[in-house]
1. Could you calculate, for the chain, the ratio of the Cα radius of gyration to the Kirkwood radius, expressed as Rg to Rh?
2. From a point 7 Å beyond the Cα of Val4 in the direction of its Cβ, which residues of region 25-57 have a backbone N at a distance under 17 Å?
3. Given Cα pairs under 8 Å that are at least 6 residues apart, what percent is the relative contact order of region 3-64?
4. With +1 assigned to the C-beta of every Lys and Arg and -1 to the C-beta of every Asp and Glu, and no other charges, what is the dipole magnitude of the chain about the Cα centre in debye, to the nearest 20?
5. Which angle between 0 and 90 degrees, to the nearest 10, do you get for helix 15-32 versus the longest principal axis of the chain when only C-alpha atoms count?
6. How much accessible surface does Val54 have with a 1.4 Å probe, in Å² rounded to 10?
7. Counting only other residues whose beta carbon sits under 15 Å from that of Thr58, what net charge do I get with K and R as +1, D and E as -1?
8. R0 = 22 Å: FRET efficiency of Thr58 with His35, Cβ-based, nearest 0.05?
Amino acid sequence: MRFVLEVTMDEGGSAEERAGELGRILRYWGGNVRHYALLPGDGSAVYDSEYREVGRWTVEDQAG
């Protein structure tokens with residue numbers, strides 16, 4: 001299986017702001033992933049610190 005995380009980064013902020021926001025997203029979902037079975041088909045929307053949907057994570061079969 002394959003774990004896929006896609007996040008759209010805001011081009012308007014500085015590199016430091018983008019890195020901080022991505023770090024927050026990765027910490028949150030890294031800690032939250034234990035609540036899922038992690039089977040193909042699992043997934044959820046990803047939100048930024050302002051609760052805007054900015055991406056998605058999914059679990060796929062190895063074939064995609």
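1. Rounded to two decimals, Rg over Rh is 1.01.
2. 38-46, 54-57
3. Contact order relative to length: 43 percent.
4. Numbers: 7 positive and 12 negative charges, 65 e Å.
In total the dipole reaches around 320 debye.
5. The angle comes out near 30 degrees.
6. Accessible area, nearest 10 Å²: 30 Å².
7. -3
8. After rounding to 0.05, the efficiency reads 0.90.
The values are calculated or read from the model by the stated rules, or taken from the named source; none is laboratory data. Note that this is a predicted model, so its numbers are computed, not measured. Quick reminder, even Gly has a Cβ in these numbers, built from the backbone with ideal geometry, and neighbours come from all protein chains shown. With ligands, DNA and RNA removed, areas are computed over all heavy atoms of the protein, side chains included. Shrake-Rupley method; radii C 1.70, N 1.55, O 1.52, S 1.80 Å.
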